[in-house]
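Data first, discussion second: the structure below is written as structure tokens.
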Amino acid sequence: MVKALLRPLRRWPALEAVLARLAGRFTTWPSDEFGRFVSVTMSTSGVAGRATFPPTGEPMRPPPPVSIAPATFEMRFMKLHVQGRFDEMWEMLAEDAQRAWGGREIFIKEMPRLGDDTELLDMQVISVKVLEGWTDRVHQRSYQNVAQMVMRYRVKQQWREWTFDRQVHLIPAAGGWRTLCYPTKSMAGSSAGSR
């Protein structure tokens with residue numbers, strides 16, 4: 001039946017070529033199937049030209065996303081803090097923390113700084129746990145897949161040197177982690193926001 005319908009079309013090779021091109025626009029082959037085709041002619045009458053060759057190499061794919069480790073994220077956050085690069089730190093805050101600060105400019109202005117006579121000598125990651133769920137009781141918020149870390153900081157102020165541990169919480173976000181660094185209720189005398 002199909003042959004009977006196509007027989008009149010064979011009398012007009014130009015029409016056959018147009019239909020072959022039109023059919024080619026509405027049909028595709030999966031990309032992994034292209035390797036088996038070397039060349040394709042559009043028509044048996046010789047009027048139509050040759051089709052375009054498929055690409056010879058593998059298609060370029062973007063590299064897989066790289067996830068930054070929670071400890072690396074926190075150490076970068078604290079290094080930016082020590083350097084006073086608060087504008088860059090803002091991008092590392094979780095959305096809840098950003099809302100609590102009230103905006104970038106307020107964060108940059110109000111984020112506690114290390115004094116001129118204070119120096120962060122060292123920071124170490126003591127432990128890292130990823131918790132399925134965690135509730136911030138101070139801010140009454142619950143989160144899923146939270147990285148809970150204990151960080152150890154060694155600080156020097158004038159002639160005095162001391163070490164303290166601090167628990168930090170990070171939440172997952174696009175591209176890695178975000179910190180829950182909230183403003184403290186009393187900013188005076190504090191060296192960083194609460195987390």
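The values are calculated or read from the model by the stated rules, or taken from the named source; none is laboratory data. None of the values given here were measured: they were computed from a predicted structure. When we count neighbours, we look across all protein chains shown, and the Cβ atoms used for this are built from the backbone with ideal geometry, even at glycine.
Below are the figures for this structure:
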{"read-out": "Selection from segment 168-185 of residues that are of a type in the set (A, V, I, L, M) and either free of Cβ contacts under 8 Å to residues at least 40 places away in the same chain or under 15 Å from Met78 (Cα atoms) (or both)", "value": "Val168, Leu170, Ala174, Leu180"}
{"read-out": "Which numbered condition Val146 fails, given (1) of a type in the set (A, V, I, L, M, F, W, C); (2) within 13 Å of Leu180 (Cα to Cα); (3) touching a residue at least 40 places away in the same chain (Cβ under 8 Å)", "value": "(3)"}
{"read-out": "Yes/no for Val130 being in a strand (DSSP E or B), farther than 16 Å from Arg76 by Cα, in contact with a Leu (Cβ under 9 Å, 6 or more places away or on another chain) and among the hydrophobic types (A, V, I, L, M, F, W, C)", "value": "no"}
{"read-out": "Residue that is surrounded by the fewest Cβ atoms within 10 Å (Cβ to Cβ), among those in segment 86-96 that are in contact (Cβ under 8 Å) with a residue 12 or more places away in the chain and assigned to a helix (DSSP H, G or I)", "value": "Glu95"}
{"read-out": "Residues of segment 107-117 that turn out to be surrounded by 14 or more Cβ atoms within 10 Å (Cβ to Cβ) and farther than 20 Å from Gln167 by Cα, as a count", "value": "3"}
{"read-out": "Number of the condition not met by Arg99 [criteria: (1) on the phi < 0 side of the Ramachandran plot; (2) surrounded by fewer than 15 Cβ atoms within 10 Å (Cβ to Cβ); (3) part of a strand (DSSP E or B)]", "value": "(3)"}
{"read-out": "Condition check for Pro183: at pLDDT 85 or above and within 16 Å of Val82 (Cα to Cα)", "value": "no"}
{"read-out": "Number of positions in segment 123-149 that are loosely packed, with under 12 Cβ neighbours inside 10 Å and acidic (Asp, Glu)", "value": "1"}
{"read-out": "Hey, Leu131 at pLDDT 90 or above, closer than 19 Å to Pro172 by Cβ and in the same structural domain as Ile171 (by TED's automatic domain parsing) or not", "value": "yes"}
